[in-house]
1. Rounded to the nearest 0.05, what FRET efficiency do residue 126 and residue 47 give with R0 = 25 Å and r taken as the Cβ-Cβ distance? Could you check?
2. Between residue 74 and residue 89, 0.36 nm times their residue separation minus their Cα-Cα distance comes to what?
3. For the range 42-124, state the semi-axes of the equivalent ellipsoid (square roots of 5 times the eigenvalues of the alpha-carbon gyration tensor), sorted largest first and rounded to whole angstrom.
4. In whole percent, what relative contact order does the range 44-164 give with Cα contacts below 8 Å and a gap of six or more residues?
5. Quick one: length gained pulling residue 101 to residue 60 fully straight, 0.36 nm per residue minus the C-alpha distance?
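Nothing in this text is a laboratory measurement; each read-out follows from the coordinates by a stated rule. Here the structure is a predicted model, which is why all the values come from computation and not from measurement. No Cβ is skipped: glycine too gets one built from the backbone with ideal geometry, and neighbour counts run over all protein chains shown.
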């Protein structure tokens, strides 16, 4: 929450600073000739990089799935309470995200999708804890089914993921 508040203060401060600075901006658009269009090249996608290890230190009060009127008019909520995560993510190479169209081998149709290339990501998690799992008529309430804890988790992730809609 502190990081979110700090980020909000920076964004608001920068916005106020830009609005209060007495400057003018001009943009001139010129038509592109047919020959110019043939010579133009473009690049699609983004790359996400992290210079150093990114720390994860999260506390979540409750993660809730619920139905406020249920099948018989009574509310029901599944809650995971007192969630705590501490660890880090290290990106050895940038995550590349792009959009492309490819032929679907099952339907023989051209399908547009999002391509994610991830090589050399390392996730180290000291702990991932869910303090209690409850079912009740309100979020976070009800009898507990127990808790879940993951300790000393390490994963090295590399590969390509393609997301499409069908």
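1. 0.30
2. Here the segment from residue 74 to residue 89 would lengthen by 1.2 nm.
3. Ellipsoid half-lengths, sorted descending, are 35, 27, 10 Å.
4. Computed value for the range 44-164: 27 percent relative contact order.
5. Result: 10.9 nm gained on full extension.
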